[in-house]
1. State, in angstrom, two size descriptors of segment B:22-90 derived from its alpha carbons: Rg to one decimal place and Dmax to the nearest whole number.
2. To the nearest 20 debye, what charge dipole does segment B:108-207 have about its Cα centre, counting +1 at the Cβ of each Lys and Arg and -1 at the Cβ of each Asp and Glu?
3. Ignoring solvent entirely, what values of log10 I(q)/I(0) come out of the Debye formula for the protein assembly as shown at 0.05, 0.06, 0.11 Å⁻¹ when each Cα is a single scatterer?
4. Stick to Cα atoms and the Kirkwood definition of Rh, then tell me Rg/Rh for segment B:188-259.
5. Which of the aspartates and glutamates could a cross-linker bridge to A:LYS320, judged by Cα under 14 Å and excluding same-chain residues fewer than eight apart?
6. Using the Cα gyration tensor of segment B:63-131, with a ≥ b ≥ c the square roots of its eigenvalues, what is the shape: rounded (a/c below 1.5), prolate (a/b larger than b/c) or oblate (neither)?
7. Subtract the Cα-Cα distance of A:ALA147 and A:ALA282 from 0.36 nm times their separation in residues, and report this length gain in nm to one decimal.
8. Contact order normalised by length for segment A:233-337, with contacts defined as Cα pairs under 8 Å and 6 or more residues apart; what percent is it?
2 protein chains.
Amino acid sequence: VSTIENLQIKLAARPIGMPKRSDWEFAHSVAREPEDGEALVKVLYLSLDPAMRGWMNEGRSYIPPVRIGDPMRAGGVGIVVASKSPAVAEGDYVYGTLDIQQYATLKAAGLTKVDPKVAPLTVYLNVLGMPGMTAYFGLLDVGRAVAGNTVVVSGAAGAVGMTVGQIARIKGCRVVGIAGGPEKCAYVRDELGFDAAIDYKSEDLNGALREHCPNGIDVYFDNVGGATLDACLARLAMHARVVICGAISQYNNTTAVTGPSNYLSLLVNRATMQGMVVFDYAKRYPEAVREMAGWIAEGKLKSREDVVKGIDTFPETLLKLFRGENFGKLVLEVAAP
Amino acid sequence: VSTIENLQIKLAARPIGMPKRSDWEFAHSVAREPEDGEALVKVLYLSLDPAMRGWMNEGRSYIPPVRIGDPMRAGGVGIVVASKSPAVAEGDYVYGTLDIQQYATLKAAGLTKVDPKVAPLTVYLNVLGMPGMTAYFGLLDVGRAVAGNTVVVSGAAGAVGMTVGQIARIKGCRVVGIAGGPEKCAYVRDELGFDAAIDYKSEDLNGALREHCPNGIDVYFDNVGGATLDACLARLAMHARVVICGAISQYNNTTAVTGPSNYLSLLVNRATMQGMVVFDYAKRYPEAVREMAGWIAEGKLKSREDVVKGIDTFPETLLKLFRGENFGKLVLEVAAP
């Protein structure tokens, strides 16, 4: 073990605006040997998420920021190469907070075994992972979507958005996705079965929402914030629910976040806007995984990952999220299984 | 009847920004005789409310706008001078949508009898009227305030705010009021028993909220919007509830409403922001009136009205609301009882 070379990507500076390569340090070392209760995991796939931008900032949020000098936090899937815990054995595939590095030495209690026979490993970073859990509990628990509702989701071709829309369809809702560009719109409409898709880059959002949501929006699942949130607020139905999952349009702001001008629509429509963080539902993940795995097996729920190879590409690959260039869940392949 | 002179104040123009006298027409006519099912009511006291500004605008809201040429909508208390309905009799005191005029001829079914022996007539426009109902259902039903919660209310010396704070105290909450000026702050703290009061005109709101809400805000009852809403959002406790009742700081804007920049605090704190309109609770008013009348009788709940005499002063008196000059419920006295 003590001879395994490890490349770690550590936070070197707190970025202002868009992160750049020099905000991280590429550190070569030797993988740490596991102590009692720990395992050494070879990292295969890492999840790249919009939330990472928030973790780079100083200050209070829903989890502590990454400290300067620490490996950049990331969830990932890997294979156990050494274990000093009865919980996992060499050869097991596991999910955990593996961070942006080639090898992770960490407490085995924080690892979850995953089965590549049930679904490809990358699906555990997507539909059967955090984005899937976020979509499931955000839509059904926070958004209280029920059959007959009109559901609108932004970031519709992103990891969370495409699952939100598919679950809503399965539950009998009318689903309108908002995405950037004709290719993404065609995909969510034609491949994923959304009732309509709006290209926010080329269409008038207010007009398109009027057309596709003639009776207003019952549930708006917001991943983007900014002008899209405002347009959806202006189109709420009575007693609508707005799920605040993220605000990718605002994460790299160097000025204050733009608040939603149309928030008084909440008053007019007796509507609710509620924030969510998926970790709160940890105890209920198995229930969601069971139902979602069933839908995958029945062919009702699709998982699409945008896999980029090479740990060294991390800084540039992460930026695809903020440029809207990813198509499906963005995954960094550190090593092939 | 047909010889009773009536002064009506009718909407003449849709204001841009602050309303001015010329936005209304002062029309002299003769009171209309009641038809079957109607009553003729002599107007005594009229309720002046921030919401009136919204009713003057064109466009969709929670109730239709006042039409140009129609008497300005207002709730009020009066005495029946003639009736062609078994529901009310000459000499009855009644509450209803009497509008800004000296005499109202309207369907008796829309009137509610009030008893000046239970409370002074003006209290039926305040604690036992719409502001009281708004405070009661907004705080307890939408805000779900319970004993031990920290409750913050803006517009604390206004009609809704002072009742919100008093009910919260009765229910065992810690209450912080935000008001403008030392006199209003002293009143809500010393006379109404709020735990603390913040003068937003002279104090640093963020610092004062940190001081007075060391464990964060569980319920924020918002009457004002703007910078105050943002400061309170920044101080939410986990699972906080924000009640959007109004946004008086924004009603006379000639530019877009300022949205709350700190709305992502809803996400971090898994908090909820919900709009309310009191009319939705109409069926439950009797339950609230019963409980509130009991508190008044026990001396636990005070009602304070700011009574201005003379229907002719209506345009200027209304503006007191938007200048923060009223102290308690703003009431226009059209005639003494």
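1. 14.6, 40
2. Numbers: 9 positive and 9 negative charges, 72 e Å.
The dipole magnitude comes to about 340 debye.
3. -0.30, -0.42, -1.09
4. Ratio value, two decimals: 0.98.
5. Those aspartates and glutamates meeting the cut-off are A:ASP49, A:GLU305, A:ASP306.
6. Working: a/c = 2.11, a/b = 1.23, b/c = 1.71.
Oblate, because a/c is 1.5 or more while a/b does not exceed b/c.
7. 46.0 nm
8. On the way: 88 pairs, mean separation 25.9, N = 105.
About 25 percent, as a whole number.
The values are calculated or read from the model by the stated rules, or taken from the named source; none is laboratory data. This structure is a prediction, so every number in the text was calculated from the model and none was measured. When we count neighbours, we look across all protein chains shown, and the Cβ atoms used for this are built from the backbone with ideal geometry, even at glycine. Quick note on the areas: whole protein, heavy atoms, side chains included, nothing else; ligands and nucleic acids left out. Shrake-Rupley method; radii C 1.70, N 1.55, O 1.52, S 1.80 Å.
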